[in-house]
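Asks: Just passing along the structure, written as structure tokens.
Derivation of every value follows stated rules applied to the coordinates shown; laboratory data play no part. All of these numbers come straight from a predicted model, not from anything done at the bench. Counting neighbours? That spans all protein chains shown, and the Cβs are built from the backbone with ideal geometry, glycine included.
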Amino acid sequence: MEKGTLLYEGKAKKLYVTDDSEVLWVEYCDQATALNGARKEQIAGKGALNNQITSLIFERLNSEGITTHFIKKLSKTEQLNEKVEIIPLEVVLRNVVAGSFAKRFGLSEGFVLPAPIVEFYYKNDDLDDPFINDEHVKFLNIATDDEIAFLKSETRKINEILKKIWLEIGLTLVDFKLEFGRLADGTIILADEISPDTSRLWDAAGNHMDKDVFRRNIGDLIEVYSEVLAKLQATK
Ligand code: CDP
């Protein structure tokens, strides 16, 4: 497989074309962002940690029957993905109250929800990724009723697998964000990444083992992500 020209540069990743039109070469970078990109910092080693963590998680999801874009890890910072057209939705699932959900409803962080809640946010930096409902998703021609139903049920299925993976290393999966994409034939599959950048993970002592250490300045991101990776590798 040959790495070609740069196709797209996001906040934390660079996507390159390859000699196979259906495959992308993805490089994870060291940039950390918060407040929808308003705060940016280079954190040496972050790209390698997220690439290795997300690779282990996607390998596990693939082996448990979830169809994903993940093909294989190439190096500490690179992986091959199937090319998809990303659906402009951030699909968030919450098991425990935290973050924007706590703020929106005036609740304390840590309340365990009686059942998981799935939410959609419209991926649009200019609009600050607004919270939207199913009818907005349809109005914006982002997805059909059947596709919306699939996105929700697939996210709930993925939650059950992820909860198990994280619990094996002593972490509670509080919430997480997924992105899905369409293959050339229209099939919707899981894409993007699953890492402590996109998930809230709390240990038994209540420590935040995720990007909140950066967002809230409450710890060393590299130390925390390294511990998460080491524990995941040990259970492999
Ligand atoms: O993190 P914040 O409080 O701004 O937003 P949230 O809606 O509470 O985030 C819910 C989950 O989605 C957390 O695990 C975030 O890490 C993740 N998320 C993300 O990965 N990317 C975003 N642009 C927004 C949220």
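Asks: Enumerate the residues in region 40-78 having an amide nitrogen under 17 Å from the point lying 7 Å beyond the Cα of residue 234 toward its Cβ.
Replies: Correct set: 53.
Asks: State, in angstrom, two size descriptors of region 141-228 derived from its alpha carbons: Rg to one decimal place and Dmax to the nearest whole number.
Replies: Radius of gyration, then largest Cα-Cα span, for region 141-228: 15.4, 46 Å.
Asks: Explain nothing, just the number: relative contact order of the chain, from Cα pairs under 8 Å at least 6 residues apart, as a whole percent.
Replies: Worked out over the chain, it gives 17 percent.
Asks: Label-point separation (nm) for residue 203 and residue 167, each offset 7 Å from Cα along Cα-to-Cβ?
Replies: That separation, rounded to one decimal, is 2.0 nm.
Asks: For region 5-87, which GluC sites (Glu not before Pro) pass both filters: DSSP loop (anything but H, G, I, E, B) and at most 16 other C-beta atoms within 10 Å?
Replies: Values: sites: 9, 22, 27, 41, 59, 64, 78, 82, 85; in loops: 22, 64.
Filter output for region 5-87: 22, 64.
Asks: Express the Stokes-Einstein translational diffusion coefficient of the chain in µm² s⁻¹, to the nearest whole number, given a Kirkwood radius over alpha-carbon pairs, 25 °C and a viscosity of 0.890 mPa s.
Replies: 134
Asks: Quote to one decimal, in nm, the extra length available between residue 35 and residue 124 on full extension: 0.36 nm per residue of separation minus the C-alpha distance between them.
Replies: 30.7 nm
Asks: Between residue 134 and residue 2, with labels modelled 7 Å along Cα→Cβ, what's the label distance in nm to one decimal, could you check?
Replies: 4.8
Asks: Separate question: Suppose every Lys and Arg Cβ carries +1 and every Asp and Glu Cβ carries -1, with no other charges. What dipole size does region 65-188 come out with about its Cα centre, to the nearest 20 debye?
Replies: 540
Asks: Then there is this: Only Cα pairs under 8 Å and at least 6 apart count here; give the relative contact order of region 138-236 as a rounded whole percent.
Replies: RCO, region 138-236: 18 percent.
Asks: In addition: Once you charge only the Cβ atoms, +1 for Lys and Arg and -1 for Asp and Glu, what is the size of the charge dipole of region 195-236 about its Cα centre, to the nearest 20 debye?
Replies: 120
Asks: With the Cα gyration tensor of region 104-162 giving a ≥ b ≥ c as the square roots of its eigenvalues, does the rule (a/c under 1.5 for rounded; else a/b larger than b/c for prolate; else oblate) give rounded, prolate or oblate?
Replies: Oblate, because a/c is 1.5 or more while a/b does not exceed b/c.
Asks: Another question about this same structure. Could you work out how far apart the two model spin labels at residue 141 and residue 86 are, taking each label as a point 7 Å from the Cα in the direction of the beta carbon, and quote it in nm?
Replies: Modelled inter-label distance: 2.1 nm.
Asks: At most 15 other Cβ atoms within 10 Å and a DSSP loop assignment: could you name the chymotrypsin sites (Phe, Trp or Tyr not before Pro) in region 74-114 that fit?
Replies: Those satisfying the criteria are 111.
Asks: Another one. Per DSSP helix of 4 or more residues, -39500 (n - 2.57); summed, then divided by the residues of the chain. What does that give at 222 nm, rounded to the nearest 500?
Replies: Details: 6 runs with 74 residues, N = 236.
Calculated mean residue ellipticity at 222 nm is -10000 deg cm²/dmol.
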